[in-house]
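Taking it in order: structure first as structure tokens, then the write-up.
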Amino acid sequence: MAPVAVYPEPTNNGQVATKLSAIPHASGVPVTGAVKPQATVEEMAGKWSDFRFRPIRESQVSREMTRRYFSDLDKYAESDIVIVGAGSCGLSTAYCLAKARPDLKIAIIEANVSPGGGAWLGGQLFSAMIMRKPADAFLREVGVPYEDAGEDSNYVTVKHAALFTSTMLSKVLQFPNVKLFNATSVEDLITRRSPDGTLRVAGVVTNWTLVTMHHDDQSCMDPNTINAPIIVSTTGHDGPFGAFCVKRMVAMDAIPALGGMRGLDMNVAEDAIVKGTREVAPGLIVGGMELSEVDGANRMGPTFGAMALSGVKAAEEALKVFEE
Ligand code: 48N
């Protein structure tokens with residue numbers, strides 16, 4: 001049997017781990033890379049026999065993760081805008097908001113561990129994503145490669161929907177004023193009643209999604225909150241939480257009964273969703289397929305241009321609040 005590599009018990013930054021106070025907080029190297037890059041992958045190739053990672057103490061990893069997460073929870077407890085749902089519409093909204101207003105704090109709450117919603121595949125599990133023109137303008141804005149059959153064609157094709165969604169995630173997550181809380185559900189809304197009785201949405205009520213899914217079999221797992229003057233809800237029409245915010249508003253008698261999504265008509269549906277993206281109640285802007293449930297709009301099926309441009313419009317509507 002090959003000799004077992006014996007590693008000295010690593011301590012934090014080489015310090016002897018005696019008591020908490022002796023363990024200096026690991027100072028993270030900023031992503032911007034103030035440190036001169038050291039190793040290169042090429043240098044590692046072929047020299048694996050004496051390869052070793054730099055020693056670490058597990059608590060350094062734990063502290064780096066938890067310190068950041070709880071600092072983010074503290075920072076975004078008061079957000080400027082909360083986006084509910086990180087599907088194609090929510091991510092497009094986040095991109096436009098973060099780019100236009102780097103001074104605003106934008107929290108994205110996504111129930112799934114993996115953000116992206118229905119935009120990882122084009123339709124019936126097929127890979128390619130179709131966007132009807134002029135939505136190709138958004139693809140150029142974000143830098144998503146696509147194929148265009150020519151000036152007379154009426155759509156463009158992204159060779160794999162995951163190329164759109166991964167590019168969107170990469171761009172959105174790099175904005176310093178955006179924080180994605182995934183695996184986290186909005187399970188209610190913070191509301192305020194004005195003297196004339198008008199109900200205003202003033203934030204979201206959140207919980208770990210795994211907790212949200214088990215309120216029926218566990219008692220009293222109370223939520224957390226995020227205050228914000230504007231909520232953009234893009235929770236889609238599908239899945240266990242589809243159209244969550246508008247259903248909650250109907251339950252509170254804050255908006256009339258839902259119109260319920262209508263049958264598939266691409267031409268009617270995509271124009272209606274983009275043009276109809278708006279503030280459906282004070283403090284609550286709705287876009288994407290969640291809107292089809294509000295307005296009784298048609299569905300468009302496997303074409304995504306309306307999701308992207310609904311996000312552009314949702315961002316525009318949200319920014320009006322900050323211009324007033
Ligand atoms: O992708 P979706 O479902 O929603 P949209 O509106 O961004 O895009 C819709 C699009 O994918 C279609 O449905 C296409 C165009 N098909 C149309 C048709 O006719 O069939 O993303 C919604 C996201 C998901 O990731 C959910 O997990 C998330 O919202 N979500 C929530 N996140 C947090 N809290 C909640 N309560 C919640 N509800 C949903």
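The values are calculated or read from the model by the stated rules, or taken from the named source; none is laboratory data. Because the structure is a prediction, the values reported are computed rather than measured. Every residue, glycine among them, receives a Cβ derived from its backbone with ideal geometry; neighbour counts consider all protein chains shown. When the accessible area is computed, the model is the full protein with side chains, heavy atoms only, and any ligands, DNA or RNA have been set aside. Shrake-Rupley method; radii C 1.70, N 1.55, O 1.52, S 1.80 Å.
Give me the residue from region 292-310 that is more than 8 Å from the ligand (Cβ to nearest atom) and in a helix (DSSP H, G or I) and, out of that set, nearest to Lys275 (Cα to Cα).
Filtering first and then ranking leaves Leu309.
Do we have any residue at all in region 201-222 that's among the aromatic types (Phe, Trp, Tyr) and not in a loop (DSSP other than H, G, I, E, B)?
Scanning region 201-222, I find at least one residue that is among the aromatic types (Phe, Trp, Tyr) and not in a loop (DSSP other than H, G, I, E, B), so the answer is yes.
Give the number of residues within region 111-121 that are more than 9 Å from the ligand (Cβ to nearest atom) and over 23 Å from Phe138 (Cα atoms).
Residues in region 111-121 being more than 9 Å from the ligand (Cβ to nearest atom) and over 23 Å from Phe138 (Cα atoms): 1 in total.
Tell me, yes or no, whether region 98-117 has at least one residue that is small (Gly, Ala, Ser), on the phi > 0 side of the Ramachandran plot and assigned to a loop (DSSP other than H, G, I, E, B).
Yes, because at least one residue in region 98-117 is small (Gly, Ala, Ser), on the phi > 0 side of the Ramachandran plot and assigned to a loop (DSSP other than H, G, I, E, B).
Restricting to region 98-110, name every residue that is within 10 Å of the ligand (Cβ to nearest atom) and either open to solvent by 20 Å² or more (accessible area, probe 1.4 Å) or among the β-branched types (Val, Ile, Thr) (or both).
Ile108, Ile109
Does region 270-324 hold any residues that are open to solvent by 30 Å² or more (accessible area, probe 1.4 Å) and touching a Cys at 6+ places or on another chain (Cβ under 7 Å), and which are they?
Val312
Would you confirm whether any residue within region 299-310 is in contact with a His (Cβ under 8 Å, 6 or more places away or on another chain) and farther than 23 Å from Asn182 by Cα?
Looking through region 299-310, at least one residue is in contact with a His (Cβ under 8 Å, 6 or more places away or on another chain) and farther than 23 Å from Asn182 by Cα.
Scan region 41-69 and report the pairs whose first residue is more than 27 Å from Pro176 (Cβ to Cβ) and whose second residue is open to solvent by 100 Å² or more (accessible area, probe 1.4 Å), with Cβ atoms within less than 8 Å and a gap of 6+ or a chain change.
From residues that are more than 27 Å from Pro176 (Cβ to Cβ), the pairs are Pro55/Tyr7.
Looking at Cys245 and the list (1) within 13 Å of the ligand (Cβ to nearest atom); (2) open to solvent by less than 20 Å² (accessible area, probe 1.4 Å); (3) part of a strand (DSSP E or B), which single condition is not satisfied?
Of everything listed in (1) within 13 Å of the ligand (Cβ to nearest atom); (2) open to solvent by less than 20 Å² (accessible area, probe 1.4 Å); (3) part of a strand (DSSP E or B), Cys245 misses just condition (3).
Which condition from (1) modelled with pLDDT of 95 or more; (2) open to solvent by 40 Å² or more (accessible area, probe 1.4 Å) is the one that Gly236 breaks?
Result: Gly236 fails condition (2) only.
Tell me which residues, restricted to region 118-149, are in contact with a strand residue (DSSP E or B) (Cβ under 7 Å, 6 or more places away or on another chain) and part of a helix (DSSP H, G or I).
Asp136, Leu139
Between a first residue in region 121-150 that is open to solvent by 60 Å² or more (accessible area, probe 1.4 Å) and a second residue that is basic (Lys, Arg), which pairs have beta carbons less than 7 Å apart while being 6 or more apart in sequence or on different chains?
Correct list of pairs: Glu147/Lys159.
Taking the condition of being of a type in the set (Gly, Ala, Ser) and within 15 Å of the ligand (Cβ to nearest atom), how many residues in region 51-97 meet it?
Residues meeting the conditions: 8.
Taking the criterion of being near the ligand (Cβ under 8 Å from one of its atoms), open to solvent by less than 30 Å² (accessible area, probe 1.4 Å) and not in a strand (DSSP E or B), would at least one residue in region 248-262 satisfy it?
No, region 248-262 has no match at all.
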